[in-house]
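First up is the structure itself, then whatever we jot down about it.
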Amino acid sequence: SCAKLAQRFNAISVREISGVQLCKENLGVDAECVLDPTILAGAQAYKPLIRKNQDGDYLFAYILDITDDKRASVETIAKSRGLKTIIRSAGRNADLSPEEWLSMIAHASMVITDSFHGTVFSILFHREFLSIVNKSRGGTRFASLLVPLGLESRMGDMAQLRITQQCVVDWKQVDNKLAIQREKSMNYLTKAL
């Protein structure tokens with residue numbers, strides 16, 4: 001069974017707080033919540049991939065599950081801020097290379113996304129962002145990332161995002177909290193290896 005296999009590991013880490021309890025209840029093992037590798041690496045790891053000097057007067061919406069309602073809400077928010085809108089999706093409709101995707105986030109005035117990694121890179125590049133929580137794709141990972149950073153007001157459904165869109169992010173405070181989490185995560189991973 002999976003529980004017997006999991007119990008053979010010396011260390012198990014997960015990126016979601018809820019995963020710690022799930023491992024305990026379903027596998028009978030202790031797990032440690034650590035940062036996702038993409039955020040653990042830090043912004044400097046991705047800077048060489050960023051394309052130079054794009055026009056930043058746009059709202060970049062990276063929506064995995066695009067709907068007419070989400071598209072209309074994104075357009076409304078962009079219009080209220082005087083920004084043009086760039087909307088991209090994943091899957092068959094994906095048309096950006098990884099470098100282009102990172103660059104779109106890094107140079108945007110604002111990012112709206114229902115993607116965990118879209119949220120991660122918005123934080124790393126200090127972009128104003130709103131995260132649409134998609135419970136069917138694992139909404140708890142958004143809370144595991146955003147709550148410890150004091151950014152929980154940045155996540156919700158489209159109606160909640162319209163209400164909270166005026167909050168200002170204190171990036172220095174976020175970076176300080178991230179540094180503490182990185183150190184804790186690296187200490188655990190180093191010890192486990």
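Which residue, chosen from 50, 37, 129, occupies the Cα position most advanced towards the positive end of the dipole of segment 12-147, where the dipole is computed from +1 (Lys, Arg) and -1 (Asp, Glu) charges on Cβ about the Cα centre? Sorting the options by dipole projection puts first 50.
Shape class for segment 49-102, computed from the alpha carbon gyration tensor (a ≥ b ≥ c): oblate, with a/c not under 1.5 and a/b at or below b/c. For segment 1-102, the per residue solvent-accessible surface stands at 63 Å², with DNA, RNA and ligands left out and a 1.4 Å probe. Quick check for me: using +1 on Lys/Arg Cβ and -1 on Asp/Glu Cβ, what's the dipole size of the chain about its Cα centre, in debye to the nearest 20? My answer is approximately 260 debye. Surface composition of the chain: carbon and sulfur atoms hold 53% of the protein heavy-atom accessible area at a 1.4 Å probe.
Against the set (1) 1.00; (2) 1.14; (3) 0.93, the structure's computed Rg/Rh (Cα atoms, Kirkwood Rh) falls on (1).
Mean residue ellipticity at 222 nm from the helices of the chain, using -39,500 (n - 2.57) per DSSP H segment of n ≥ 4 over the full residue count, to the nearest 500 deg cm²/dmol? Helix-only estimate at 222 nm: -12500 deg cm²/dmol. With a threshold of 24 Å on the Cα-Cα distance, the over-threshold entries among 4/177; 24/177; 52/79; 4/24; 24/184 are 4/177; 24/177; 52/79. Plainly put, segment 1-90 has a radius of gyration that is 1.19 times its Kirkwood radius, both from alpha-carbon atoms, as the Rg/Rh ratio.
The values are calculated or read from the model by the stated rules, or taken from the named source; none is laboratory data. Note that the coordinates shown come from a computational prediction; the quantities given were computed from them, not determined experimentally. Every residue, glycine among them, receives a Cβ derived from its backbone with ideal geometry; neighbour counts consider all protein chains shown. For accessibility, only protein heavy atoms count, side chains too; no ligands or nucleic acids. Shrake-Rupley method; radii C 1.70, N 1.55, O 1.52, S 1.80 Å.
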